[in-house]
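Novice: My questions will all concern the structure given below.
Throughout, read-outs are computed from the coordinates displayed, never taken from laboratory work. Computed from a predicted structure; not experimentally measured. For neighbour counting, all protein chains shown are included, and Cβ atoms are generated from backbone atoms with ideal geometry for every residue, glycine included.
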Amino acid sequence: MSGTPKGDTLTHPSPILQSRGKIQACDMDPNPGSSSRPRRDDTGDAVPRDRFLDLPDSLLLLIISFLPFKDAVKMMAVSRLWCNLCRSARNVEFKEYFFTGPPDERRIAFTTFMRRWIEACPESSLDSVELALANPNEFSWDVDNCISFALGCRVKHLGLNFSDLGLAEEEDIDIDNQAHGSVIDLPSRFYNHTGLGSIRLFSCRFQAPKFRNFVALKSVALGYMELEFSTISTLLENCPALETFSLERCWNTQEEYARGKHLSLQNLIVDRCDFLHSWFGVDVPNLRLFKYSGMMALFEVDVGQTIQEAELDFSLETEFEGNGDLLYMLISSLAGVKRLTVCSYTLQVIPSGNQPLSMECPLHVTHLILKTSVHSCDFWGISFFLKSCPLLEMLTIEITPLRIVPDYESPFPLDPHKFWAPRKRAFQCFKTLEVIEVKGFKGTATEIYLLKHAMRHGRVMRSLNLHISNEDDAESTALVQRAVDDLMASPRVSPMLQIGVIVS
């Protein structure tokens with residue numbers, strides 16, 4: 001599969017990359033400040049002065065350091081002074097999807113650009129090098145050359161992405177994971193670069209036991225590859241300084257378990273992986289962040305008291321029956337989190353378990369993020385979490401497209417017009433809730449019901465911020481405006497409450 005992400009792209013290498021791979025300065029006035037006369041082209045028209053020439057090199061280098069590599073390269077074509085300065089970039093990205101055009105021409109242009117850049121740049125110290133090239137077998141020399149360049153520059157971060165989705169890694173595409181097998185073996189000298197602090201490997205074959213050489217390694221991200229249980233265990237055992245471990249669209253034939261009382265692991269991210277057995281275990285006592293996106297599974301989670309944030313996304317799941325108790329057990333094991341993000345699937349399914357109204361033991365959550373359409377099918381789930389978070393200080397509602405889980409059944413009779421009625425008993429969290437953020441506010445009736453309920457009971461609320469899109473059509477804009485006017489005129493219990501509208 002191929003494609004290009006939205007946004008600016010480079011159609012070919014910058015024209016200032018001249019023959020023999022040299023990055024040469026373009027023709028310019030050797031002393032631009034010596035004359036007030038404007039330079040003229042062959043037709044006699046004045047050539048606009050390059051204002052970048054007035055800036056000191058130290059400031060230009062600072063500007064380059066903050067630019068994404070793609071933008072820094074594009075600036076080389078805008079201002080001639082960037083030709084040599086861009087060679088001082090500390091972070092280098094060679095990514096095929098920066099280029100457009102027919103596939104064969106694009107790949108030749110990309111590899112030509114990479115060769116010339118590497119040839120023109122001396123082996124100096126770099127912070128990071130990233131390479132993204134789909135199906136790179138015919139360019140194995142270029143891959144090896146880039147890896148050698150990165151290691152020679154003593155990089156702290158190395159990213160290698162050889163997956164078929166390398167050309168569209170910014171897109172959210174539902175894929176068949178096993179169609180994206182490992183295609184590149186890492187060279188033996190890779191394991192001798194002991195100074196690596198961060199590694200990102202997509203569709204690579206590597207030798208996990210040799211990771212013991214990376215004594216400074218703190219972050220590992222693996223994607224688009226088959227991983228056996230022994231591989232993950234070996235990585236965790238051989239990298240005692242590891243703090244962040246990420247799996248993206250990996251697959252295997254065994255269950256996964258991250259174990260180790262001695263681990264320094266603080267961040268664990270699992271994104272749309274396909275495990276043969278629906279069981280996932282986490283036994284990491286110092287974990288601070290747990291993010292899981294994918295299908296439902298039987299979770300066995302033991303994370304200790306250091307856990308700060310959890311994000312759970314089961315939007316790919318379609319099964320309703322029997323998952324309510326599994327979700328309850330997972331949330332219960334994460335009771336100590338301060339920041340919790342849940343999706344609409346969780347809101348619809350968790351009330352179907354044996355505890356449909358709230359957690360038996362309250363959560364420690366102070367910031368709750370709900371990804372929901374605020375449809376009535378999510379009401380019992382929203383109520384469940386509001387009741388379960390008595391220490392809540394901030395509520396963020398991210399409006400998402402409506403998706404009702406197949407075979408959904410409400411745990412109790414529900415009238416959406418009366419569910420948030422004024423006489424309804426207030427939740428404990430309204431004694432502490434200070435801020436509500438609604439991102440993607442549409443002004444629907446169900447949104448208004450919920451927000452009015454919060455305004456009636458939020459004793460210490462300070463802010464209600466409604467984020468709306470400036471791309472809505474006239475009808476949608478009118479609906480939002482009426483909803484805002486309605487909220488502005490609604491009673492509120494907190495004298496400090498201010499309602500803000502943010503257009504983006």
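Novice: Roughly how many whole Å is it from the C-alpha centroid of the stretch 431-456 to that of the stretch 310-326?
Specialist: Each part's Cα centre sits 25 Å from the other's.
Novice: Something else: For the stretch 393-441, build the convex hull from the C-alpha positions and give me its volume per residue in Å³.
Specialist: Working: hull volume 6.5 nm³, N = 49.
Convex hull volume per residue, Cα atoms: 133 Å³.
Novice: Which shape class applies to the stretch 317-372: rounded if a/c is under 1.5, otherwise prolate when a/b exceeds b/c and oblate if not, where a ≥ b ≥ c are the square roots of the Cα gyration tensor eigenvalues? Working shown, then result.
Specialist: Working: a/c = 2.12, a/b = 1.34, b/c = 1.58.
In terms of gyration-tensor shape, oblate.
Novice: Would you mind checking which residues have amide H under 5 Å from Glu130's amide H? H placed 1.01 Å from N; only 5 or more apart, or other chain.
Specialist: Val92, Glu93, Phe94, Gly159
Novice: Taking square-rooted eigenvalues a ≥ b ≥ c of the alpha carbon gyration tensor, is the stretch 333-455 rounded, prolate or oblate, where a/c under 1.5 means rounded and, failing that, a/b exceeding b/c means prolate? Numbers along the way, then the final one.
Specialist: On the way: a/c = 1.29, a/b = 1.10, b/c = 1.17.
Rounded, because the longest to shortest axis ratio a/c is under 1.5.
Novice: Length gain on complete extension for the stretch Thr194 to Ser410, per 0.36 nm per residue less the alpha carbon to alpha carbon distance?
Specialist: Working: separation 216, 0.36 × 216 = 77.76 nm, distance 5.59 nm.
Separation in residues times 0.36 nm, less the Cα-Cα distance, equals 72.2 nm.
Novice: Would you mind getting me the FRET efficiency between Glu393 and Arg482? Use the beta-carbon distance for r and R0 = 51 Å, nearest 0.05.
Specialist: My answer for the efficiency is 0.95.
Novice: List the residues whose amide H sits under 5 Å from the amide H of Arg205, counting only those 5 or more places along or on another chain, with H placed 1.01 Å from N in the peptide plane.
Specialist: Counting only residues 5 or more places away or on other chains, the set is Val183, Ile184, Asp185, Leu186.
Novice: Using the Karplus equation 6.51 cos²θ - 1.76 cosθ + 1.60 (θ = phi - 60°), what ³J(HN,Hα) coupling, rounded to whole Hz, does each residue of the stretch 351-367 give in order, writing x for Gly and Pro?
Specialist: With coefficients 6.51, -1.76 and 1.60, one gets x, 7, x, 6, 10, x, 9, 5, 5, 5, 10, x, 7, 8, 5, 10, 10 Hz.
Novice: Then there's this: Any idea how far apart Ala335 and Asn465 come out in nm if each label point goes 7 Å out from Cα toward Cβ?
Specialist: 3.2
Novice: Also: Each residue of the stretch 213-227 in turn: what ³J(HN,Hα) in whole Hz from Karplus with 6.51, -1.76, 1.60 and θ = phi - 60°, glycine and Pro shown as x?
Specialist: Once θ is set to phi - 60°, the couplings for the stretch 213-227 become 6, 8, 5, 9, 5, 10, 9, 10, 10, 10, x, 6, 8, 7, 10 Hz.
Novice: Right, something else. Which of Phe113, Phe419 comes first, and how do the rest follow, when ranked by fewest Cβ neighbours within 10 Å? The partial results should precede the final answer.
Specialist: Details: Phe113 20, Phe419 17.
Fewest-to-most ranking of Phe113, Phe419: Phe419, Phe113.
Novice: Further question on the same structure: Assuming 0.36 nm per residue, please report the length gained on full extension of the stretch Thr444 to Glu105 beyond their Cα-Cα distance.
Specialist: 117.1 nm
Novice: Enumerate the amide H contacts of Glu248 below 5 Å, restricted to partners 5 or more residues apart or on another chain; note that Pro and chain-start residues carry no placed amide H.
Specialist: Leu222, Gly223, Tyr224, Asp271
Novice: Fewest first, what order do Lys431, Lys452 take by the number of other Cβ atoms within 10 Å?
Specialist: Details: Lys431 14, Lys452 18.
Starting with the residue having the fewest Cβ neighbours, the order is Lys431, Lys452.
Novice: Given the Cα-Cα distance of Gln498 and Leu298 and 0.36 nm per residue of separation, how much length would full extension add, in nm? Numbers along the way, then the final one.
Specialist: Details: separation 200, 0.36 × 200 = 72.00 nm, distance 4.31 nm.
In short, 67.7 nm is gained.
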